[in-house]
1. Out of curiosity, is A:Leu12 within 14 Å of chain B (Cβ to nearest Cβ) and either touching a Pro at 6+ places or on another chain (Cβ under 9 Å) or not charged (D, E, K, R) (or both)?
2. Check B:Tyr38 against each of (1) under 27 Å from A:Leu150 (Cβ atoms); (2) open to solvent by 30 Å² or more (accessible area, probe 1.4 Å) and name the one condition it does not meet.
3. Working only within segment B:68-79, note down all residues that are at the interface with chain A (Cβ under 7 Å from one of its Cβ atoms) and either in contact (Cβ under 8 Å) with a residue 12 or more places away in the chain or within 17 Å of the chain's Cα centre (by Cα) (or both).
4. Cβ-Cβ under 6 Å, sequence separation 6+ or interchain: first residue in segment B:44-61 and of a type in the set (Ser, Thr, Tyr), partner in a helix (DSSP H, G or I). Which pairs?
5. Within segment A:25-55, take every residue that is open to solvent by 70 Å² or more (accessible area, probe 1.4 Å) and not small (Gly, Ala, Ser) and give me the one that is farthest from the other protein chains (Cβ to nearest Cβ).
6. Which of the numbered conditions does A:Ile48 fail, given that it passes all the others? Conditions: (1) touching a helix residue (DSSP H, G or I) at 6+ places or on another chain (Cβ under 7 Å); (2) among the β-branched types (Val, Ile, Thr); (3) part of a loop (DSSP other than H, G, I, E, B).
7. Restricting to segment B:115-145, give me the number of residues that are surrounded by 15 or more Cβ atoms within 10 Å (Cβ to Cβ) and either without any contact (Cβ under 8 Å) to a residue 24 or more places away in the chain or out of contact with any Lys or Arg (no Cβ under 7 Å at 6 or more places or on another chain) (or both).
8. How about segment B:158-174: which of its residues are without any contact (Cβ under 8 Å) to a residue 24 or more places away in the chain and more than 10 Å from every other protein chain (Cβ to nearest Cβ)?
Amino acid sequence: MTQNSDALIANLVGNLQPVKPISFARGLGYALSAAAISALAVVAAFGIRPDVLAGRFDPVYLIATGLFLVLGIAAAVTVIVMSRPQVGTDHSGWVWAAAMVALLPVAALIVSFGGGSDILSRESIAHGLECLMVGSGASLLVFAILVGWLRKGAPTAPDRAGLLTGIAAGSLGIFAFSLHCADNDIVHIGMWHSGVVLLMAGLGRALVPPLVRW
Amino acid sequence: MRADEATLARLMMMSQKGDKQAYATLLSECQRWLSRYYSRRIAPAQLDDLVQETLMALHNKLATWDSSRPFLPWMAAIARYRWVDHLRRLYRADECELVTDFAGQDDEPAIAARISIDRLLGMLPDPQARAIELVKIEGLSIAEASQATGQSESLVKVNIHRGLKKLAHMVEKA
């Protein structure tokens, strides 16, 4: 940097344009709208579960889907908060929601080791892969919206912001696809539905930081 | 006269609306504040560059300040981010030839101390903070830092690497 500070300040003042402060409510509104659009797209393309349509809810389905929704919202809120830097802000609340969701693959492992489910059958794997792919596809809109929001903002921890973007997008994406997937098996949900969150978290951690550094 | 939090916040609100006079005053105050903030935490020869980099970051991220929140913790988060980034770039470039004669005076008020760089460094384990201070801030060589701390040379390098990584994740911690 060669110019002196006074010249720089004069230059910056000359370039000043009015700005609209980025608001938390608007960011959350965008993220939730993206999640709702994704859910509607899944329902339109694949249809809704018959039992949900009939107003009957399986407890495992309700708990698992609810956990994904809570984790998705918690991670999205954290991403939006991270876009406005502030010394003294705590970004760790999402960890508790993630810990609760982590119980799903743990339960899946315990049940599958006990022989409670045939996880290696061709049908089981094909169905799982469908959930993994469509769930990840349903994550992309939320992913894009959150990356766009972070680029407008000033995240001071781009690595973590990327990870959380992936977690939020994956959780809300698999929540959307859960409206269609009629499988209530904890092994399927714990492995394949949680797999969407893991996959998107990995993608977010790998792809997002270079896009949001400033 | 040094501008206080309320004055800076008011100037910032006016700046966000496009008031150039308020913005010029705000940036001048920020420049003075940042020079004090970084003093003793960066080699004097690099102070101006870092202050100017931070001023440009403030300019580019004006919209990320919300008038319902205090101004100084916002600016401190940006200043800390730029400081850590600066140290990491030094680390990658392996430029350790910094001078050791620091003037600076510790006259920040108690509230500002909460958002200070010292507080951020204080959150690191002692060996990591010491290695970063000696090599990245005071400009000692790895061998000299090794002698001063009793850590092996490879441990000094590991502590710098791990410490910088941790700092990058703790910018907003108070």
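The values are calculated or read from the model by the stated rules, or taken from the named source; none is laboratory data. Fair warning: this is a prediction, and the values are worked out from it, not measured in the lab. Glycine also receives a Cβ, built like all others from the backbone with ideal geometry; neighbour counts cover every protein chain displayed. The area values use the complete protein model at the heavy-atom level, side chains included, leaving out ligands, DNA and RNA. Shrake-Rupley method; radii C 1.70, N 1.55, O 1.52, S 1.80 Å.
1. Numbers: within 14 Å of chain B (Cβ to nearest Cβ): yes; either touching a Pro at 6+ places or on another chain (Cβ under 9 Å) or not charged (D, E, K, R) (or both): yes.
So A:Leu12 fits the description; yes.
2. It fails just one condition, (2).
3. Start the filter on segment B:68-79 by keeping residues that are at the interface with chain A (Cβ under 7 Å from one of its Cβ atoms), which leaves B:69, B:73-74, B:76-78.
Hits for segment B:68-79 are B:Pro73, B:Trp74, B:Ala76, B:Ala77, B:Ile78.
4. If the second residue must be in a helix (DSSP H, G or I), the pairs left are B:Thr54/B:Leu34; B:Thr54/B:Ala79; B:Thr54/B:Arg82.
5. Filtering segment A:25-55 for residues that are open to solvent by 70 Å² or more (accessible area, probe 1.4 Å) and not small (Gly, Ala, Ser), the one farthest from the other protein chains (Cβ to nearest Cβ) comes out as A:Pro50.
6. In the conditions (1) touching a helix residue (DSSP H, G or I) at 6+ places or on another chain (Cβ under 7 Å); (2) among the β-branched types (Val, Ile, Thr); (3) part of a loop (DSSP other than H, G, I, E, B), A:Ile48 misses (1) alone.
7. First, the residues of segment B:115-145 that are surrounded by 15 or more Cβ atoms within 10 Å (Cβ to Cβ): B:115-117, B:119-121, B:124, B:127-140, B:142, B:144-145.
Okay, now just the ones that are also either without any contact (Cβ under 8 Å) to a residue 24 or more places away in the chain or out of contact with any Lys or Arg (no Cβ under 7 Å at 6 or more places or on another chain) (or both), so B:115-116, B:119, B:121, B:127, B:129-136, B:138-140, B:144-145.
Number of matching residues: 18.
8. Of the residues in segment B:158-174, the ones without any contact (Cβ under 8 Å) to a residue 24 or more places away in the chain are B:158, B:165, B:169.
Passing the criteria: only B:Val158.
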